1. Can we say Leu119 is more than 18 Å from Ala105 (Cα to Cα), out of contact with any Lys or Arg (no Cβ under 9 Å at 6 or more places or on another chain) and surrounded by fewer than 24 Cβ atoms within 10 Å (Cβ to Cβ)?
2. Pull up region 274-299, narrow it to residues that are assigned to a helix (DSSP H, G or I), at pLDDT 95 or above and aliphatic (A, V, I, L, M), then point me to the one that is surrounded by the most Cβ atoms within 10 Å (Cβ to Cβ).
3. Go through (1) touching a residue at least 60 places away in the same chain (Cβ under 8 Å); (2) outside any helix (DSSP H, G or I); (3) crowded, with 17+ Cβ neighbours inside 10 Å one by one and return the number of the condition Gly310 breaks.
4. Considering only region 30-137, give the strands (runs of 3 or more DSSP E) lying wholly within it that have at least 2 residues that are at pLDDT 95 or above and either over 22 Å from Asn149 (Cβ atoms) or not assigned by TED's automatic domain parsing to the domain that holds Phe171 (or both).
5. Please count how many residues of region 177-205 are among the small types (Gly, Ala, Ser) and either closer than 15 Å to Ala58 by Cα or without any contact (Cβ under 8 Å) to a residue 12 or more places away in the chain (or both).
6. Every residue in region 141-169 that is surrounded by 24 or more Cβ atoms within 10 Å (Cβ to Cβ) and more than 16 Å from the chain's Cα centre (by Cα), please.
7. Is it the case that some residue within region 213-222 is at pLDDT below 95 and on the phi < 0 side of the Ramachandran plot?
8. What residue, of Gly310, Gly273, Gly356, is under 20 Å from Arg371 (Cβ atoms) and out of contact with any Ser or Thr (no Cβ under 8 Å at 6 or more places or on another chain)?
Amino acid sequence: MVYLDHNATTHLASEAREAMLPFLDGEYGNPSSIHSAGRRARAAVDDARDRMAALLGAKAHEIIFTGGGTESCNLGLIGIARAHSVRGKHIIISAMEHHAVLHAAEHLQHFEGFEVTLLPVDSAGVVDPALLARLIRKETSVVSIMHANNETGAIQPLEEIAAVCAERGVFFHTDAVQTFGKIPLTTSLSGLSAISIAAHKFYGPKGVGALYLRAGIALSRTSYGGSHENSRRPGTENVAAIVGMAAAAEVAMNRAAADAERLAPLRERLWEGIHSACPQAIRNGDPARSLTNTLNVSFPGADGQSLLMGLDLEGVCVSSGSACMVGSIQASHVLIAMGVDSRTALATVRFSMGRGTTEAGIDLASTAIARVAKLQPALAA
């Protein structure tokens, strides 16, 4: 099997697995219990929080553990917007946000009286900070723009966006699910209010994530129950997953630069193989402004689902876009926002590489793509 779907999820790092094992067996105490088993669990959670904060350049109390990236994005956007609605009920998000942000914004618009402005992107999938500055109004309370896109890998100018938000006095949340552990990320930007991450994107366990929330920013909870996470996110903490996330995060941050340098030529090797087999293939996005592990390719005239199934039968694991939209046969809103027509968008494949990707695997994938392409009338010529 050649696995080229690392933007959907990654394998569990051995360091994360080893860190988790004690809390999947003998150390099963509830971190809210006051007995010794509970105190040991609480100590493990606190230690993981300290380690995550250190990696982000944050304070421990600025880290909120969540059940994953989607919950983190929901809490970051809805939680800040609700808490500060007295300042205004206008929010701005980019047109290529993950559905964790898009649908959260739609909820605020349809059920809580907020107005939502979609910030357009250029043909490379990148926003214009100057346009953002013009769209911010006196009643704007929150801006949410992802650090890098999960489908195309397009990296946004985070520093410039944060500067605009700081100057205009609005809160800025970023979905960094695809960038944490891949490219530098710091909380030192003065206009950056909140960051969402998910462990399974950087070789940690599934079902756990975190929200960085700058100290002093009020947050309205989005679920109700106990007083966990300083009364910001109720629910018993998943101790094993939290510990595993911290271990995986440390490894990812230490390897980030080397991984990016190794993957860049593999991405280009794959594109060369695809373009050689299918000259009509279109590369979406600007490789100079994208994650080095991500390649998004359209095959005009082809049937996207047939391409995916054909590659799967060849032992190549890829996707058409967000894994969260499984079973949804519709054109990618990300590609549509970039100006790609809907038929071409439906004939698009995302290839995303990771630690297990090798030159041999890339060459096998290229050969498989050539074979599958021959079965597509539009590509066989």
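The values are calculated or read from the model by the stated rules, or taken from the named source; none is laboratory data. Since we're looking at a predicted model, the values are computed, not measured. Ideal geometry is used to build each Cβ from the backbone, glycine not excepted, and the neighbour counts take in all protein chains shown.
1. Taking the combined requirement at face value, the residue does not satisfy it.
2. Ile274
3. Here Gly310 meets the rest and fails (2).
4. In region 30-137, the matching strands (runs of 3 or more DSSP E) lie at 63-66.
5. Residues in region 177-205 being among the small types (Gly, Ala, Ser) and either closer than 15 Å to Ala58 by Cα or without any contact (Cβ under 8 Å) to a residue 12 or more places away in the chain (or both): 6 in total.
6. Val142, Val143, Ile161, Cys165
7. The answer is yes; a qualifying residue exists.
8. Gly310
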